[in-house]
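This report concerns only the one structure given below.
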Amino acid sequence: MKVLITGATGLVGSEITALCRKNNIAVHYLTTNKSKITSAKGYRGFYWNPANGEIDMDCFEGVTALINLAGASISKRWSVAYKQEVLKSRIDSLKTLHQGISKLKNNQLLSFVSASAIGVYPDSLTEYYDEAEPRVDESFLGEVVAKWEKEVDAFRTFGFSIAKVRIGLVMSDKGGALPEMARPVKYFAGAAFGSGLQWQSWIHIQDLARMFLFVVENKLEGVYNGVGPNPVTNKKLVKEIAKVLKRPVFLPNIPRFVMQTLLGDMSYILFASQRVSSKKIEEEGFVFYHSNICKTLENLYLKEPTSTSSDTVFHKEYV
């Protein structure tokens, strides 16, 4: 198997790439930064510019699977212009890939999996969402995910398996949301947001990387939630972060209007509540290494060993 990865130098992409290399899976990756193009045994970079529809067609050589993670970060103040960039970066990336694949004379692709987000699910303190949920959140994120996933569906004409992984809150000490949440806790300024009752459906970055490769290797189709089996409330998450960092949490919860003033519309993601099920991917045979939030935080911050030392990605019939 040879995998082509977009967004390979980002937080999730770096983890997937490292896992591929551990499993002796050759990786081609696309980057918009020519200085990041490198070549080593089983690892080779190629330039592309989705905004202009430009792609190095050599990136597809021998590739049997495609993992798409491309898109501008949502963790940045949402000006009108940046909202357009968030959506456009995702759509342009998919259109450029589609155009590239359509030009291939020898298409060896067997599976394609694209990132998506649980932000598509409506904000709710009581609902428990699975992939069959037809409703879309009436927010900017809901709009982005709906259009993002619709663009992925355009690849169905090629005949290989198509899957979408709706990613939740990614737990990593190397970047993403967790370090931002942990920083005020470290300085004795930790507090829950709003009521603190909003659900946070999280996943350890190691499990997320394994899930992407599991979907690819087994040629799964359809939508899968990229979350662990035990969502927690924001209040519980902040409490567990404080426990691991040995810090007290004594400040009152942070009101919504304060974060709205500081972050603008982007503050929505701090207060949105999506309790999301991981049952569908588990029924395919995927086994989570990290299902307890306390143990996960200990693994990340105290470097406690994982319950299994193996990072091997098994086919579902062997799990």
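The values are calculated or read from the model by the stated rules, or taken from the named source; none is laboratory data. What you are looking at is a predicted structure, and each value in this text was computed from that prediction instead of being measured. In this analysis, Cβ positions are derived from the backbone assuming ideal geometry, glycine residues included, and neighbour counts consider all displayed protein chains. For the accessible areas, the whole protein counts, side chains as well, though only heavy atoms, and no ligand, DNA or RNA atoms are used. Shrake-Rupley method; radii C 1.70, N 1.55, O 1.52, S 1.80 Å.
Some values worked out for this structure:
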{"item": "Accessible area per residue in Å² at 1.4 Å probe, computed on the chain", "result": "47 Å²"}
{"item": "Shape call, the chain: gyration tensor on alpha carbons, a/c limit 1.5", "result": "prolate"}
{"item": "Of Glu151, Glu217, Glu283, the one that fluctuates the most in a GNM where the chain has Cα springs shorter than 10 Å", "result": "Glu283"}
{"item": "Three semi-axes of the equivalent ellipsoid, region 1-103, Cα gyration tensor, whole Å, largest first", "result": "24, 16, 11"}
{"item": "Region 126-147 versus region 16-90: alpha-carbon centroid distance in Å", "result": "26 Å"}
{"item": "Prolate/oblate/rounded call for region 113-177, Cα gyration tensor, a/c under 1.5 rounded", "result": "oblate"}
{"item": "GNM result for the chain, Cα springs below 10 Å: residue of Lys34, Lys219, Lys83 fluctuating most strongly", "result": "Lys34"}
{"item": "Calculated SAXS-style log₁₀ I(q)/I(0) at q = 0.20, 0.22 Å⁻¹ - region 44-174, Debye, Cα scatterers", "result": "-1.26, -1.40"}
{"item": "Gaussian network model of the chain, Cα within-10 Å springs - most flexible of Val80, Val287, Val258", "result": "Val80"}
{"item": "As computed over region 245-287, the Cα convex hull volume per residue (Å³)", "result": "151 Å³"}
{"item": "Gain in span if fully extended, Tyr187 to Asn253, counting 0.36 nm per residue against the direct Cα distance", "result": "22.2 nm"}
{"item": "Carbon plus sulfur fraction of accessible area for region 211-306, probe 1.4 Å, in percent", "result": "55 percent"}
{"item": "Gyration tensor (alpha-carbon) shape descriptor, region 217-301, a/c threshold 1.5", "result": "oblate"}
{"item": "Separation of alpha-carbon centers, region 148-180 and region 199-252, rounded to whole Å", "result": "15 Å"}
{"item": "Taking N as its residue count, the alpha carbon Rg of region 1-60 over 2.2 N^0.38 Å", "result": "1.06"}
{"item": "Probe 1.4 Å, all protein chains present, accessible-area order of Leu87, Leu208, largest first", "result": "Leu87, Leu208"}
{"item": "Arg77/Lys303 FRET efficiency (R0 30 Å; Cβ-Cβ; nearest 0.05)", "result": "0.35"}
{"item": "Sites matching chymotrypsin sites (Phe, Trp or Tyr not before Pro) across region 229-292 that sit in DSSP coil, with at most 12 neighbouring C-beta atoms within 10 Å", "result": "Phe250"}
